[in-house]
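All remarks here apply to the structure that follows.
FYI, it's all coordinate maths here, none of it is from the lab. Bear in mind that the values here come from a model prediction, so they are computed numbers and not experimental data. Note: ideal-geometry Cβ built from the backbone for every residue, glycine included; neighbour counts use all protein chains shown.
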Amino acid sequence: MISIISSRLSGDANSYIEQMFRTFDMNKDGYIDFMEYVAALSLVLRGKIEQKLRWYFKLYDVDGNGCIDRHELLNIIKAVRAINGCDHDTSPEEFTNRVFDTIDINGDGELSLEEFVEGARKDEEFMDVMMKSLDLTHIMTMINNRRHSV
Ligand SMILES: [Ca+2]
Ligand SMILES: [Ca+2]
Ligand SMILES: [Ca+2]
């Protein structure tokens, strides 16, 4: 099962998993230890929406400059779709553009933390994608897998 999922994953999805792994690896030693695993699980299972959104923001801001740009969001959307493997009416590009047009309030082409959190709250479809991006069944399997292969 795991190998089937892995073989379907694109490079986008793999780098997304890498990024997620790094976010969970809080002391940056290259391993997800038990406490980090538990912290990740409890955020995913019991975290409040606001907490999760802040965490997503950190995850999606790949270059860590404090903003999510169009390119970063597009990569995430592609990865989420690759991981969840379902069909959509809109392309990742169309979806990214729509989200940006809706939630980039000051129109500077980047999403600040405030814009991101507010936007996700107001935009049901975007929120849905965000919540799917932490779909445990796939993500935790992959992280667990990765954890043992390091
Ligand atoms: Ca660690
Ligand atoms: Ca960024
Ligand atoms: Ca903005």
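Things worth noting here:
- By the count of neighbouring beta-carbon atoms within 10 Å, fewest first, TYR16, TYR37, TYR31 end up ordered TYR31, TYR37, TYR16.
- Cα gyration tensor shape of the stretch 11-145, rounded if a/c is under 1.5, else prolate or oblate by comparing a/b with b/c: prolate
- Value of Rg/Rh across the stretch 49-94 [Cα atoms, Kirkwood radius]: 1.01
- GLU18, GLU115 arranged by Cβ crowding within 10 Å, fewest neighbours leading: GLU18, GLU115
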